[in-house]
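Engineer: Take this structure, written in structure tokens, and hold onto it; I'll ask about it next.
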């Protein structure tokens, strides 16, 4: 029995030994699997680490944050370096209503900070809304002190215009995607979004301000619905000021659709009236069909053409006048007689030369084109005194520059350019003859522009009063214009001023610039009593700046 027990125990040892070997084999298999898995993770770690190192070493362009079209536009400056448009970093503050713990309490706090705003609808009806775009640092600090985690700060770059309305028609607008949609912002969109260099204009902020100020006063005095003025260097075409009223605040970025905000200096097309008589006389001189002292006798007070009547604006104009006197006294019939001597072909060529009926390339795209219909005998007669032809104040400024600067071609510009070679397109004697006559229109009693006779500036120019077209005919609404050049002995500047639909002011007191007593009240709604007065006030203000800086 003992032997049997002994044999049994031996069997137990064998069984135990067999069990031990099975356990040892199982542990070895698990270790190999773990080693394999570890190897796989090790390889993946090497791959991802290599990728991270590669990306960290890759050079990222430094300009991405600056030159992105949606973020950046370079600055626009005036000719003195004053900032007219600039891109600046801003913060837009928004809110996620879903993260607000106590909406009623937060609404009360927001009402205290923004008393003119109501956020009730947004707080209960939206997933996100802006509390304030371009928030000021002070307001942002007040918001942050509330300690509410639902506020979201969005860093961005905004376009700001320090002068608000002052250059609105020239600078133009951008849309919400930062694309230029009008003015300089549109024409030079590519340059402004791909370069850090500022764009420098020919404009002068001080001159712009003073001219706009006087045009604004004209609305108070003469109740005109709009106005425009262009001040330009007649020798190189640099525009020092371009104002059109009414204007608009560029910082509000509102969509402008109302036609009253049209750029009246470049886009508005008008019949300017008697300012065209200067072209008629100049064309007669250019084609050698008259001299300043050529006499026109027995001029009628009224003539007809194709059944339409043409009459003098003033019956007191003498019947016998020289060519020079016709321009000084602004005679309609005399201008028609001069144009008949010039002829259709020559007059058409002349107006092409000075830029009245030729296309004009300009630095902004809001530019109108001349409207006049077909040439004919009657068209020649009416164009001679500025009737039946509509053009822009910009083209008028160009033409007066050429006639007054010695006959040299000039292209109006808002961008400073290298000095270009000058080309004479009119006879050199034209300016020598015309400029003194324009001076007499301002300086003599026979002229129509004595209110612009500012001492020390030798101003010359021509008035224009025209009825506005309406329903196939003409209304009683006026466009009053004065195109001036100064100083007439050595012309440097042209200043063209236009008032759209002015009214006579019988209560306004006119102060003459000579020894005559002030004159109160006027029923005549003509350029000599409206636009000339405003022009004189403008030159009074800007004259000292022009004398010292230009």
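The values are calculated or read from the model by the stated rules, or taken from the named source; none is laboratory data. Source: prediction; values computed, not measured. A quick note on method: Cβ atoms are made from the backbone with ideal geometry, for glycine too, and the neighbour counts reach across all protein chains shown.
Engineer: Scan the range 390-421 for residues that are crowded, with 24+ Cβ neighbours inside 10 Å and in contact with a helix residue (DSSP H, G or I) (Cβ under 6 Å, 6 or more places away or on another chain) and jot them down.
Structural biologist: Of everything in the range 390-421, those that are crowded, with 24+ Cβ neighbours inside 10 Å and in contact with a helix residue (DSSP H, G or I) (Cβ under 6 Å, 6 or more places away or on another chain) turn out to be 403, 404, 410, 412.
A quick yes/no check of all residues on (1) surrounded by 12 or more Cβ atoms within 10 Å (Cβ to Cβ); (2) touching a helix residue (DSSP H, G or I) at 6+ places or on another chain (Cβ under 8 Å):
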residue: 276; (1), (2): yes, yes
residue: 281; (1), (2): yes, yes
residue: 288; (1), (2): no, no
residue: 294; (1), (2): yes, yes
residue: 299; (1), (2): yes, yes
residue: 303; (1), (2): yes, yes
residue: 306; (1), (2): no, yes
residue: 311; (1), (2): yes, yes
residue: 314; (1), (2): yes, no
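Engineer: Where in the range 152-198 are there helices (runs of 4 or more DSSP H), lying fully within it, with 2 or more residues that are at pLDDT 90 or above and surrounded by fewer than 21 Cβ atoms within 10 Å (Cβ to Cβ)? It would help to see each step written out before you state the result.
Structural biologist: Values: elements: 168-171, 183-187, 189-194.
Answer list for the range 152-198: 183-187, 189-194.
Engineer: Could you tell me whether the range 194-216 includes any residue that is farther than 23 Å from residue 501 by Cβ, in contact with a strand residue (DSSP E or B) (Cβ under 7 Å, 6 or more places away or on another chain), without any contact (Cβ under 8 Å) to a residue 24 or more places away in the chain and not assigned by TED's automatic domain parsing to the domain that holds residue 538? If you could, list the steps in order and put the result at the bottom.
Structural biologist: Of all residues in the range 194-216, those farther than 23 Å from residue 501 by Cβ come to 194-210.
Filter once more, keeping what is in contact with a strand residue (DSSP E or B) (Cβ under 7 Å, 6 or more places away or on another chain): 198-204, 207-208.
Right, trim to without any contact (Cβ under 8 Å) to a residue 24 or more places away in the chain and you get none.
No, because not a single residue in the range 194-216 is farther than 23 Å from residue 501 by Cβ, in contact with a strand residue (DSSP E or B) (Cβ under 7 Å, 6 or more places away or on another chain), without any contact (Cβ under 8 Å) to a residue 24 or more places away in the chain and not assigned by TED's automatic domain parsing to the domain that holds residue 538.
Engineer: Same structure, new question: From 386, 427, grab the single residue that is in a loop (DSSP other than H, G, I, E, B) and crowded, with 22+ Cβ neighbours inside 10 Å.
Structural biologist: Numbers: 427 fails: crowded, with 22+ Cβ neighbours inside 10 Å.
After ruling out the rest, the residue left standing is 386.
Engineer: Now for a separate question. Given the criteria in the same structural domain as residue 490 (by TED's automatic domain parsing), in contact with a helix residue (DSSP H, G or I) (Cβ under 7 Å, 6 or more places away or on another chain) and farther than 18 Å from residue 327 by Cα, does residue 442 qualify? So that I can check it myself, show each step before the final result.
Structural biologist: Values: in the same structural domain as residue 490 (by TED's automatic domain parsing): yes; in contact with a helix residue (DSSP H, G or I) (Cβ under 7 Å, 6 or more places away or on another chain): yes; farther than 18 Å from residue 327 by Cα: no.
Against the criterion (in the same structural domain as residue 490 (by TED's automatic domain parsing), in contact with a helix residue (DSSP H, G or I) (Cβ under 7 Å, 6 or more places away or on another chain) and farther than 18 Å from residue 327 by Cα), residue 442 does not qualify.
Engineer: Another question, if that's okay. Please enumerate the residues belonging to the range 220-240 that are buried (at least 24 other Cβ atoms within 10 Å of the Cβ) and either assigned to a loop (DSSP other than H, G, I, E, B) or without any contact (Cβ under 8 Å) to a residue 60 or more places away in the chain (or both).
Structural biologist: 234
Engineer: Out of (1) free of Cβ contacts under 8 Å to residues at least 40 places away in the same chain; (2) not in a strand (DSSP E or B), what's the single condition that is false for residue 79?
Structural biologist: (1)
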